Amino acid sequence: MREEAKVAIVGGGIAACSLAYHLARLGWDDVVLLEQDELTSGSTWHAAGLCTQFNSSYTLMRLLRYSVELYRSLEAETGQPVNYHACGSLRLAATRDRLDEFRQRAAMAELVGVPFEFVGTERLAGLNPLLDTRGLLEAAYLPTDGHVDPTGLTTAFVRGASDLRVRRRTPVTAIRRERGSWLLETPVGHVRAEIVVNAAGQWAPAVARLVGGDLPLVSLQHHYVVTEPIAELAALERELPVLRDADASSYVRQEGGGLLVGPFERDRSRGCSTASRRASTAGCSSCGVCGRRWERSSLRWAVREFEEHDCPAGEAARTRRAVKAAEREIACEACGWVAVTDKYRGPALLAEHQRIGPNKADAAEPASG
């Protein structure tokens with residue numbers, strides 16, 4: 001495959017596909033999207049899909065209002081259901097400081113045009129009969145908030161960008177500047193583009209490293225729980241508003257006949273001692289003979305290119321090249337600590353980090369092998 005485009009978007013999640021859709025609306029019809037697997041297969045497909053217009057930034061609140069309005073109309077435009085539930089949202093205030101924060105947001109919402117109400121405990125109990133209102137002062141109620149199906153929304157964006165060229169299972173393995181444009185290497189060929197957009201989500205730092213960049217993004221592990229059907233929910237005439245408690249760092253929304261509950265872990269040191277933490281799959285490899293180096297979003301692709309590259313030293317170097325250990329970037333998902341080591345020392349290094357805890361490990365220089 002040899003392809004040319006005005007814009008090449010690296011990534012196939014909600015951000016990448018939304019960008020493609022909006023470029024199409026602006027008349028940009030020469031855009032290619034490169035996804036290493038399937039659309040939404042990163043963090044998009046399993047997101048809770050919460051849509052709120054509550055924000056501390058005037059600009060972002062305007063953008064969020066536009067997003068909610070777009071989600072309401074996108075299905076009619078593209079024919080793809082996005083399942084936007086305009087159930088509203090509630091944010092709980094148990095302290096005066098929290099109420100002061102809400103008042104500042106309410107003033108901003110009035111300027112932006114976002115519906116924003118304060119509700120007392122009596123109205124709060126009516127909006128969410130399952131909620132224990134003891135200890136609460138008031139709540140911020142945004143009636144046009146809601147939640148959406150992330151996969152359906154992403155698909156709608158792609159359908160709305162009619163001229164978009166989508167290349168699935170096409171990981172970008174190298175990016176370099178050549179003859180006034182960018183050349184993107186993939187296992188199935190090259191793509192030449194005037195503009196490259198890094199919209200790779202949790203893999204964005206690895207893509208940035210392909211051009212020598214350092215993107216300070218860290219993936220954090222988050223769980224949500226979906227309950228069995230609850231009889232009290234079946235008796236309600238309307239869907240519960242999305243509930244957020246900033247002091248408890250948690251959210252709750254209705255999921256069918258049950259609830260989806262998402263707590264956030266605030267004590268990250270507890271996460272480092274969990275045996276289920278896994279090393280990042282991002283990695284790199286290098287040839288000990290010619291010095292060429294490959295930094296890829298997948299260790300598998302880095303090693304494959306190392307093994308298959310045409311070394312200037314010729315066949316005589318092949319056996320020496322084969323015994324070189326591929327380097328691997330290993331990361332703790334709990335706190336974002338990163339180190340580069342060889343593939344044999346990686347698991348032991350991560351285990352040692354988890355044993356001594358993030359505070360000590362973060363202060364040390366990453367080990368290098």
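The values are calculated or read from the model by the stated rules, or taken from the named source; none is laboratory data. Predicted model, so just to flag it, every value in this text is computed and none were measured. Neighbour counts are summed over all protein chains in view; Cβ atoms, including those assigned to glycine, are modelled from backbone coordinates with ideal geometry.
Side notes on the structure shown:
- Scanning the range 101-153 for residues that are hydrophobic (A, V, I, L, M, F, W, C), farther than 14 Å from Val68 by Cβ and in a loop (DSSP other than H, G, I, E, B) turns up Leu130, Leu131, Leu136, Leu137.
- Residue match in the range 90-113 (condition: within 20 Å of Asp149 (Cα to Cα), surrounded by fewer than 17 Cβ atoms within 10 Å (Cβ to Cβ) and either in contact (Cβ under 8 Å) with a residue 12 or more places away in the chain or not charged (D, E, K, R) (or both)): no
- Phe116 meets each of the listed conditions (1) at pLDDT below 95; (2) aromatic (Phe, Trp, Tyr); (3) over 30 Å from Gln221 (Cα atoms) apart from (1).
- Residue within the range 80-87 that is touching a Lys or Arg at 6+ places or on another chain (Cβ under 9 Å), hydrophobic (A, V, I, L, M, F, W, C) and more than 16 Å from His147 (Cβ to Cβ) present: no
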